[in-house]
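The values are calculated or read from the model by the stated rules, or taken from the named source; none is laboratory data. Bear in mind that the values here come from a model prediction, so they are computed numbers and not experimental data. In this analysis, Cβ positions are derived from the backbone assuming ideal geometry, glycine residues included, and neighbour counts consider all displayed protein chains. Note: accessible area is taken over every heavy atom of the protein model, side chains too, but ligands, DNA and RNA are not part of it. Shrake-Rupley method; radii C 1.70, N 1.55, O 1.52, S 1.80 Å.
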Amino acid sequence: MRWQIHGETEAWGNPWLSVRRLDVEQPDGRRFDYHAVRLRHVAAAVVTDGEGRVLLMWRHRFLTDRWAWELPMGLIEAGETAAEAAAREVEEETGWRVGGLEELVYSEPAAGIMDSEHHVFRATSAVRIGEPTELNESDRIEWIPLSDVPAMIARREIVSGITLVGLQQALLQG
(Lines give C-alpha, C1' and ligand atoms only; values in the text may rest on other atoms or scores of the structure.)
Protein backbone atom coordinates (compact mmCIF):
# COMPACT_ATOMS: atom_id res chain seq x y z
CA MET A 1 0.00 0.00 0.00
CA ARG A 2 2.94 2.35 -0.61
CA TRP A 3 2.32 5.59 -2.48
CA GLN A 4 4.96 6.74 -4.97
CA ILE A 5 6.14 10.34 -5.37
CA HIS A 6 6.99 11.15 -9.00
CA GLY A 7 7.81 14.81 -8.46
CA GLU A 8 7.71 17.60 -5.94
CA THR A 9 7.80 21.39 -6.17
CA GLU A 10 7.46 24.20 -3.69
CA ALA A 11 4.24 26.22 -3.90
CA TRP A 12 5.30 28.60 -1.12
CA GLY A 13 7.94 28.62 1.58
CA ASN A 14 9.89 30.49 4.21
CA PRO A 15 12.73 29.52 6.59
CA TRP A 16 10.34 27.55 8.85
CA LEU A 17 8.07 25.67 6.47
CA SER A 18 7.41 24.81 2.85
CA VAL A 19 4.05 24.11 1.22
CA ARG A 20 4.71 21.47 -1.42
CA ARG A 21 2.87 20.18 -4.49
CA LEU A 22 3.56 16.49 -5.00
CA ASP A 23 2.79 14.34 -8.03
CA VAL A 24 1.74 11.09 -6.31
CA GLU A 25 0.58 7.68 -7.43
CA GLN A 26 -1.56 5.50 -5.19
CA PRO A 27 -1.14 1.70 -5.11
CA ASP A 28 -4.15 1.29 -7.43
CA GLY A 29 -2.34 3.33 -10.11
CA ARG A 30 -4.35 6.55 -9.72
CA ARG A 31 -2.09 9.60 -10.03
CA PHE A 32 -2.87 13.15 -8.84
CA ASP A 33 -1.51 16.33 -7.23
CA TYR A 34 -1.23 16.21 -3.44
CA HIS A 35 -0.37 19.13 -1.19
CA ALA A 36 1.72 18.79 1.95
CA VAL A 37 3.73 20.85 4.40
CA ARG A 38 7.38 20.22 5.10
CA LEU A 39 8.05 21.75 8.50
CA ARG A 40 11.33 21.96 10.36
CA HIS A 41 11.65 19.43 13.16
CA VAL A 42 10.81 20.32 16.77
CA ALA A 43 12.35 19.40 20.14
CA ALA A 44 10.78 19.76 23.58
CA ALA A 45 11.63 18.79 27.13
CA VAL A 46 9.69 17.47 30.08
CA VAL A 47 11.74 18.78 33.00
CA THR A 48 10.83 17.26 36.36
CA ASP A 49 12.27 17.74 39.82
CA GLY A 50 12.60 15.52 42.89
CA GLU A 51 9.29 16.82 44.24
CA GLY A 52 7.10 15.39 41.46
CA ARG A 53 6.73 18.69 39.62
CA VAL A 54 7.12 19.59 35.95
CA LEU A 55 8.39 22.87 34.49
CA LEU A 56 5.68 24.48 32.32
CA MET A 57 5.18 27.79 30.58
CA TRP A 58 1.90 29.75 30.39
CA ARG A 59 1.73 30.91 26.78
CA HIS A 60 -0.60 32.73 24.46
CA ARG A 61 -0.82 31.36 20.95
CA PHE A 62 -2.08 34.20 18.76
CA LEU A 63 -3.14 31.96 15.87
CA THR A 64 -5.74 30.18 18.01
CA ASP A 65 -6.05 33.07 20.50
CA ARG A 66 -5.63 30.59 23.36
CA TRP A 67 -3.72 30.65 26.62
CA ALA A 68 -2.40 27.28 27.79
CA TRP A 69 0.46 25.54 29.57
CA GLU A 70 3.23 24.17 27.36
CA LEU A 71 6.59 22.50 27.58
CA PRO A 72 9.66 24.47 26.54
CA MET A 73 10.08 23.68 22.83
CA GLY A 74 11.37 24.97 19.56
CA LEU A 75 12.77 24.27 16.14
CA ILE A 76 15.94 22.24 15.74
CA GLU A 77 18.60 24.45 14.18
CA ALA A 78 20.95 23.30 11.40
CA GLY A 79 23.86 21.31 12.81
CA GLU A 80 22.10 20.79 16.13
CA THR A 81 20.87 17.48 17.53
CA ALA A 82 17.33 17.20 18.84
CA ALA A 83 18.66 16.86 22.41
CA GLU A 84 20.82 19.96 22.02
CA ALA A 85 17.83 21.90 20.73
CA ALA A 86 15.65 20.77 23.64
CA ALA A 87 18.29 21.81 26.19
CA ARG A 88 18.80 25.17 24.45
CA GLU A 89 15.07 25.87 24.35
CA VAL A 90 14.63 25.10 28.06
CA GLU A 91 17.42 27.51 28.92
CA GLU A 92 16.34 30.29 26.54
CA GLU A 93 12.64 30.09 27.40
CA THR A 94 12.76 29.41 31.15
CA GLY A 95 16.16 30.39 32.53
CA TRP A 96 16.72 26.83 33.79
CA ARG A 97 19.66 24.68 32.60
CA VAL A 98 18.88 20.97 32.46
CA GLY A 99 21.12 18.10 33.49
CA GLY A 100 21.25 15.10 31.19
CA LEU A 101 18.40 14.54 28.75
CA GLU A 102 16.95 11.16 27.86
CA GLU A 103 14.67 10.52 24.92
CA LEU A 104 11.10 10.28 26.21
CA VAL A 105 8.95 9.98 23.08
CA TYR A 106 9.01 10.64 19.33
CA SER A 107 5.96 11.55 17.27
CA GLU A 108 4.90 12.68 13.81
CA PRO A 109 1.80 14.73 14.62
CA ALA A 110 0.16 14.91 11.19
CA ALA A 111 2.03 12.43 8.99
CA GLY A 112 -0.65 12.51 6.28
CA ILE A 113 -0.09 16.21 5.52
CA MET A 114 3.12 17.25 7.30
CA ASP A 115 6.54 15.67 7.74
CA SER A 116 7.60 17.34 10.99
CA GLU A 117 9.33 15.17 13.58
CA HIS A 118 8.63 15.96 17.23
CA HIS A 119 11.30 14.82 19.69
CA VAL A 120 10.51 15.01 23.40
CA PHE A 121 13.20 14.50 26.01
CA ARG A 122 13.09 14.17 29.78
CA ALA A 123 15.37 15.82 32.29
CA THR A 124 15.11 15.05 35.99
CA SER A 125 17.24 17.93 37.18
CA ALA A 126 17.69 21.59 36.35
CA VAL A 127 19.54 24.56 37.81
CA ARG A 128 18.23 28.12 37.67
CA ILE A 129 20.81 30.23 35.80
CA GLY A 130 18.86 33.46 35.42
CA GLU A 131 16.01 35.06 33.58
CA PRO A 132 14.84 33.69 30.21
CA THR A 133 16.59 35.24 27.23
CA GLU A 134 13.57 34.66 24.98
CA LEU A 135 11.35 37.50 26.17
CA ASN A 136 8.31 36.84 23.98
CA GLU A 137 7.66 33.21 24.86
CA SER A 138 5.55 33.09 28.02
CA ASP A 139 3.75 35.10 30.67
CA ARG A 140 4.92 32.91 33.51
CA ILE A 141 7.01 29.85 34.20
CA GLU A 142 6.03 27.49 37.01
CA TRP A 143 6.81 24.14 38.56
CA ILE A 144 3.45 22.33 38.56
CA PRO A 145 2.71 19.00 40.25
CA LEU A 146 2.76 16.29 37.58
CA SER A 147 -0.23 14.77 39.38
CA ASP A 148 -2.26 17.89 38.39
CA VAL A 149 -1.67 17.33 34.67
CA PRO A 150 -4.60 14.98 33.91
CA ALA A 151 -7.12 17.47 35.34
CA MET A 152 -5.40 20.32 33.48
CA ILE A 153 -5.75 18.37 30.23
CA ALA A 154 -9.43 17.74 30.97
CA ARG A 155 -9.96 21.49 31.55
CA ARG A 156 -8.13 22.24 28.26
CA GLU A 157 -5.37 24.11 30.07
CA ILE A 158 -2.91 21.92 28.13
CA VAL A 159 -3.71 21.62 24.41
CA SER A 160 -0.42 21.66 22.47
CA GLY A 161 0.12 18.32 20.77
CA ILE A 162 3.80 17.94 21.61
CA THR A 163 3.08 18.97 25.22
CA LEU A 164 0.24 16.45 25.51
CA VAL A 165 2.32 13.63 24.05
CA GLY A 166 5.31 14.41 26.25
CA LEU A 167 3.41 14.83 29.50
CA GLN A 168 1.24 11.78 28.94
CA GLN A 169 4.34 9.68 28.24
CA ALA A 170 5.98 11.02 31.40
CA LEU A 171 2.87 10.07 33.39
CA LEU A 172 2.86 6.57 31.86
CA GLN A 173 6.51 6.04 32.76
CA GLY A 174 6.08 7.47 36.24
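Summary table below
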item	result
Separation of alpha-carbon centers, segment 114-174 and segment 1-78, rounded to whole Å	18 Å
Ranked packing of 6-16, 44-54, most packed first, by mean Cβ within 10 Å	44-54, 6-16
Long-range tail of P(r) for the chain (Cα pairs > 19 Å, %)	61 percent
Angle in degrees between helix 161-173 and the longest Cα principal axis of the chain, rounded to the nearest 10	60 degrees
Calculated from backbone phi, Karplus (6.51, -1.76, 1.60) coupling profile of segment 56-67 in Hz, x at Gly/Pro	10, 10, 8, 10, 9, 9, 5, 5, 9, 6, 10, 9
Exposure rank, largest accessible area first [Leu135, Leu17; 1.4 Å]	Leu135, Leu17
Calculated [θ] (222 nm, deg cm²/dmol) that DSSP helices of n ≥ 4 give over the chain, each run adding -39,500 (n - 2.57)	-5500 deg cm²/dmol
For segment 82-99, 3J(HN,Hα) per residue [Karplus equation, 6.51 cos²θ - 1.76 cosθ + 1.60, θ = phi - 60°, Hz, x = Gly/Pro]	4, 5, 4, 5, 4, 5, 4, 5, 4, 5, 5, 8, 10, x, 10, 9, 7, x
Quarter of the Cα convex hull surface for segment 59-128, i.e. its orientation-mean projected area (nm²)	5.8 nm²
Per-peptide average of other Cβ atoms within 10 Å, ordering 28-34, 110-116 highest first	110-116, 28-34
